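The values are calculated or read from the model by the stated rules, or taken from the named source; none is laboratory data. Note that the structure is a prediction, hence the values are computed from the model and not measured. Neighbour counts are summed over all protein chains in view; Cβ atoms, including those assigned to glycine, are modelled from backbone coordinates with ideal geometry. Please note that ligands, DNA and RNA were not included when accessible areas were found on the heavy atoms of the full protein model with its side chains. Shrake-Rupley method; radii C 1.70, N 1.55, O 1.52, S 1.80 Å.
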Amino acid sequence: MRAWMQPIIYWVNEYYGNRWYLLFAVVAYIYLFFATKESRRKIVYPSVLLAFLVLNPILYQYVYSKIIYWRLMWLLPNTLAIAYATVLFVRKRKHIAVKVIAFVLVLAAVVWKGTNVYTHSGMAKASNQQKVDARVQQVCDEMLAVDETPKCIAALNLSYEIRQYCGDIELMYGRNVEGYINVIDDLSLRIANEMRSENPNYDYIFAQAMAKNYDFVVLEDYKTVPEDLLNQYGYQIYKNVAGYNLYYCADVEQRDLGGWIVTQYGPNTSEVSMCYTIEDKNNNLIIIDGGYGWYEQKLRAIIRAHDNHVTAWIVTSPIDSNAHAFCEILQDKQGIQIDQIYTMHINDEQYATYLRDAKEWQNTDFVQMIRETLEKETNVNYVKEDDQFEALGLSFKVLHAWDDETDAIGEYQEYNGSICFRIQANQESMLYLSKITHPLEDHIIEKNYDKLNADYVQANNNGRWTLSAEFYNMVSPKYVFMDCSMETVNADEEEKGCGGVYRYVTGILQVPIGMYDTTPTWIILK
């Protein structure tokens, strides 16, 4: 209880300045309780109810954990109670001298023990009608002078108040960074964290700003963005205002990003799942897999950031860690539009074989769930080996999907039946291996020997039960995505460890590796 009350006491002191104010309020409430029935009914009882809801340490611990506590203090009518109690007390005195003395004493006590709110730390008097920080006003006015409806990625200490000052400025994030209002997608949260960092990844910030057509990026002026990077993305310093640099790109919507942004998402735990997005210059979206059901809300937030529209959704394996969030969204779209779905076909015979061979830990119910969910959709494309399709100007070549070869292996069909494909961009390519495991390696090499080389590769099966070193030598990537965390890498090799792949990629191939510890991890596929 004491631990729960400490933050409450702290925020009370922060809000009111000192404890004398609360003492005056408590005395006022006690007097009003006994003074009249009306004061008891209209002021004391409602205040007690509010105090119970606001100051209750149990509610604070479990309900208000994401609320800055002082924001609830205004609910208590303490000032009204003190003023009303004083007036009521004075009115009830018969002698004028007693009235004057009582009023002067209360007034003196308030002045003597009270705290001027503007001298208290962290408080400043607003100088504009909207009651926001003067720096916010100056930055906003500069942006609005250029564009009536600018799009802005702002330093966090500005973003909280920008919308309060002007609703015409479109922000990537605001108070939702701290968990308020709505779910923020991982991509925006990553950018917000970069913006608040003392050493931001400027390449990441400006690449995403261009991809999503944000014409302004506002950073503290002591954070220096390299000139060559600004030139690369077409931004320049428009003005220095109130300690901030306003970076502006007038023709951001017409500029060429130079490729497609491929982003890997995942939990920073031993849990393994698969979730990737591909975005083009016009903020169009492709999703690959999507992860467990717990990722549903984050996926919805990502899709909202792309106008609730998914150009193509590729589901590579019929298992929880790849497709459960996808199923949850498909069953309750909430306005989401999905143009095309690409996945593998599981016929009745294959499903019966899978049920017969399934191990205890495999979720056979989910395989049935995804089959039934897909049967209700009219835009599903069941792909097979050698099929090709295009989305957002990218060419997809299917190297493998559930087939007779998968059945012949006779184990882990839901893994080895995964869609394995190659993405070809203008100059570069990416190999997506999904959940396939080593028994399928010879077949993949035999059928696709000349198609395995790629600039980027998503390591098979989260790095577990891996393909051989020779296979990755054939791919010869310059960057590897590995769907696991360092916790998994360091785990027991026989059980679930991914150390073999990690050590080979970083040690022998000597190429960078993207993992859950740094997600969302991204590259530009050119």
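Rundown of residues vs (1) surrounded by fewer than 19 Cβ atoms within 10 Å (Cβ to Cβ); (2) farther than 17 Å from ILE419 by Cα; (3) of a type in the set (Gly, Ala, Ser), yes/no style:
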position	(1), (2), (3)
LYS451	yes, no, no
LYS478	yes, yes, no
ASP483	no, no, no
ARG503	yes, yes, no
GLY507	yes, yes, yes
ILE513	no, yes, no
TYR516	no, yes, no
LEU525	no, yes, no
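Taking into account only those residues within region 235-249 that are in contact (Cβ under 8 Å) with a residue 12 or more places away in the chain and out of contact with any Asp or Glu (no Cβ under 7 Å at 6 or more places or on another chain), which is surrounded by the fewest Cβ atoms within 10 Å (Cβ to Cβ)?
Top of the filtered list is GLN236.
Screening region 287-398 for strands (runs of 3 or more DSSP E) wholly inside it with 1 or more residues that are of a type in the set (Phe, Trp, Tyr) and open to solvent by 30 Å² or more (accessible area, probe 1.4 Å) returns the ranges 380-382. When region 448-471 is examined, which residues are found to be part of a helix (DSSP H, G or I) and farther than 17 Å from VAL489 by Cα? Scanning region 448-471 gives ASN448, TYR449, ASP450, LYS451, GLU470, PHE471. Residue pairs whose Cβ atoms lie under 7 Å apart, separated by 6 or more positions or on different chains, with the first residue in region 152-178 and open to solvent by 20 Å² or more (accessible area, probe 1.4 Å) and the second of a type in the set (Gly, Ala, Ser) and part of a loop (DSSP other than H, G, I, E, B), are TYR160/GLY174; ARG163/GLY174.
Residue check: GLU470 meets all listed conditions (1) more than 21 Å from TYR415 (Cβ to Cβ); (2) open to solvent by 10 Å² or more (accessible area, probe 1.4 Å) but one, namely (1).
The conditions of being polar (S, T, N, Q), surrounded by 24 or more Cβ atoms within 10 Å (Cβ to Cβ) and at pLDDT below 95 are met by THR406. Regarding region 447-459, can at least one residue be identified that is free of Cβ contacts under 8 Å to residues at least 40 places away in the same chain and of a type in the set (Lys, Arg)? Scanning region 447-459 turns up no residue that is free of Cβ contacts under 8 Å to residues at least 40 places away in the same chain and of a type in the set (Lys, Arg).
If you go through region 453-467 and pick out every residue that is open to solvent by less than 30 Å² (accessible area, probe 1.4 Å) and within 16 Å of ASN416 (Cα to Cα), you end up with 7. Using the structure shown, decide if SER418 is closer than 15 Å to ILE288 by Cα and part of a helix (DSSP H, G or I). No; evaluated as a whole, the condition is false for this residue.
Hey, could you check region 250-285 for residues that are open to solvent by less than 10 Å² (accessible area, probe 1.4 Å) and among the β-branched types (Val, Ile, Thr) and say which is nearest to ALA209 (Cα to Cα)? It comes out as VAL252. When you look at THR506, is it free of Cβ contacts under 8 Å to residues at least 40 places away in the same chain and among the polar types (S, T, N, Q), yes or no? Judged against the criteria, THR506 is a match. Considering LEU219, LEU189, the condition of being of a type outside the set (D, E, K, R) and either at pLDDT 90 or above or open to solvent by 60 Å² or more (accessible area, probe 1.4 Å) (or both) is satisfied by LEU219 alone.
Return the residues of region 437-446 that are of a type in the set (Asp, Glu) and either buried (at least 24 other Cβ atoms within 10 Å of the Cβ) or in contact (Cβ under 8 Å) with a residue 24 or more places away in the chain (or both); say none if nothing qualifies.
GLU441
Entry remark, region 421-436: residues being open to solvent by 20 Å² or more (accessible area, probe 1.4 Å) and not in a loop (DSSP other than H, G, I, E, B) number 2 in total.
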